[in-house]
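Comments concern the structure below.
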Amino acid sequence: MLWHAICMSAIVGTTKDDAAQMRVWLAPGIFLRGREESGAQVVLVSPEGNVPLNSVAAAILGLCDGSRDRVQVVAEVLQSTHNRARSADLVEFLDAAVARGWIKEA
């Protein structure tokens, strides 16, 4: 996991200490409906409408609960997908989720 943290720090342009302080969580009014484990498609519900999520997007957003930073979210998704996902793609998705107002960071 430390290796992922080092790689992610380089990708997002922050030090490990900076990244550790940037917790991520779903924005107010945003929530996930459905559970992948039960076979139901996970949907992001927002005031602008519902967005069906693929399994990786659902895993990323499911970890955005305020207890993790970006590096931890990416590392956990990489581990759960057995490194089939690319860290750069995960970071790009997090950037897009921030831009769309789905998640907040602080």
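The values are calculated or read from the model by the stated rules, or taken from the named source; none is laboratory data. On a predicted model such as this, the values are computed, not experimentally measured, just so you know. For neighbour counting, all protein chains shown are included, and Cβ atoms are generated from backbone atoms with ideal geometry for every residue, glycine included.
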Taking segment 78-90 as the region of interest, how many residues are buried (at least 18 other Cβ atoms within 10 Å of the Cβ), closer than 20 Å to residue 23 by Cβ and more than 8 Å from the chain's Cα centre (by Cα)? 2
Considering every residue within segment 83-90, establish whether at least one is under 18 Å from residue 42 (Cα atoms), out of contact with any His (no Cβ under 6 Å at 6 or more places or on another chain) and in a helix (DSSP H, G or I). yes
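Out of segment 73-88, which residues are touching a residue at least 24 places away in the same chain (Cβ under 8 Å) and out of contact with any strand residue (DSSP E or B) (no Cβ under 8 Å at 6 or more places or on another chain)?
The first filter runs over segment 73-88 and keeps only residues touching a residue at least 24 places away in the same chain (Cβ under 8 Å), leaving 73-75, 78-79, 81, 85, 87-88.
Matches in segment 73-88: 74, 75, 78, 79, 81, 85, 87, 88.
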Which members of segment 7-32 meet the condition of being loosely packed, with under 15 Cβ neighbours inside 10 Å and at pLDDT below 95? 10, 13, 15, 16, 17, 18, 21, 22
From (1) at pLDDT 95 or above; (2) in contact with a strand residue (DSSP E or B) (Cβ under 7 Å, 6 or more places away or on another chain), pick out the condition that doesn't hold for residue 63. (2)
